[in-house]
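Each reported figure results from applying straightforward, stated rules to the coordinates on display, with no laboratory input. Source: prediction; values computed, not measured. When we count neighbours, we look across all protein chains shown, and the Cβ atoms used for this are built from the backbone with ideal geometry, even at glycine.
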Amino acid sequence: MTDIDWVSRHGYLGIFIGETEHQSKGHGRQAVRLMLRHAFRDLGLHRVYLTVLEDNPRALRVYEKCGFVVEGRLRQHAYKRGQFRDLILMGICADDLGGDGADKPTRVGQDNSTPLT
């Protein structure tokens, strides 16, 4: 968690799993869920947000499974591999998850196989 605003009670989440042999094993989803539990329960945050490159569908899927929703798009915001690319802005609020923000996601169609508790 970075860029925590203690007055507005929000923070920025960022993860990176660079080694390909560690990708697609659920580590990202587990890390996000643990960070959300820490953010909402331990730090008392109300909202967590992140950005992800538009051409990273695996990351988008992980964040959506954890309860994040797309809130906007930062057009041509990142310069990667010789091109400007859009960043997708995603966020989640403690009450999106129910209770103290550490329970299972409650959105319809949400994957509840790995609860935050």
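Tabulated data for the structure shown
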{"quantity": "Stokes-Einstein D (µm²/s) once Rh is taken as the Kirkwood radius of region 2-96 over alpha-carbon pairs, at 20 °C in 1.002 mPa s", "calculated": "153 µm²/s"}
{"quantity": "Label-to-label distance, nm, for residues given as Leu53 and Gln83 (7 Å Cα→Cβ offset)", "calculated": "1.0 nm"}
{"quantity": "Net +/- balance of residues flanking Gln76 in space, Cβ distance below 14 Å, scoring K and R +1, D and E -1", "calculated": "+2"}
{"quantity": "Which of Thr2, His27, Val52, positive extreme of dipole for region 2-96 (C-beta unit charges)", "calculated": "His27"}
{"quantity": "Simple spin-label estimate for Asp95 and Asp3 in nanometres, 7 Å along Cα-Cβ", "calculated": "2.4 nm"}
{"quantity": "Residue order, fewest to most beta carbons within 10 Å, for Asp86, Asp55, Asp42", "calculated": "Asp42, Asp55, Asp86"}
